[in-house]
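Structure, as structure tokens:
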Amino acid sequence: MRAHRPASSLIEHLAYDDEARTLHVTFRAGRRYRYSEVPRATYDALVAAPSAGRYFNAEVRDRFDGAPADGRRRYPLDGRAA
């Protein structure tokens, strides 16, 4: 599991499961969503984007199957954390 905390006014936390190709997004408003079949390159680009919120809205939100994530689970941040 890879995780990242972007400097974003929209996104609080990102986590990516390489094996399941699943992106977990926690929004600053407290909502948590899970997006399925997300390529690793999309996660990497999201982490590297100058604006994570803008990239998420343009490249993830309406392009991948998203569903509210149940429960609360913490992931350790990888070396890319800001």
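No value in this document is a laboratory result; all are computed from the given coordinates. Quantities reported herein were computed from a predicted structural model and do not represent experimental measurements. Ideal geometry is used to build each Cβ from the backbone, glycine not excepted, and the neighbour counts take in all protein chains shown.
What tally of residues in region 35-49 results from selecting those that are out of contact with any Gly (no Cβ under 7 Å at 6 or more places or on another chain) and more than 14 Å from H4 (Cα to Cα)?
Going through region 35-49 one residue at a time, the tally reaches 5.
Could you grab me the full set of residues in region 20-36 that are among the aromatic types (F, W, Y) and over 19 Å from S9 (Cα atoms)?
Matches in region 20-36: Y35 only.
If I ask for residues that are touching a residue at least 24 places away in the same chain (Cβ under 8 Å) and acidic (D, E), which ones from region 1-39 would you list?
The answer is E37, and nothing else.
Select from region 50-66 the residues that are of a type outside the set (F, W, Y) and assigned to a loop (DSSP other than H, G, I, E, B) and list them in ascending order.
P50, S51, V60, R61, D62, R63, D65
Anything in region 6-49 that is assigned to a loop (DSSP other than H, G, I, E, B), surrounded by fewer than 15 Cβ atoms within 10 Å (Cβ to Cβ) and of a type in the set (A, V, I, L, M)? List them, or say none.
Scanning region 6-49 gives A7, A20, A29.
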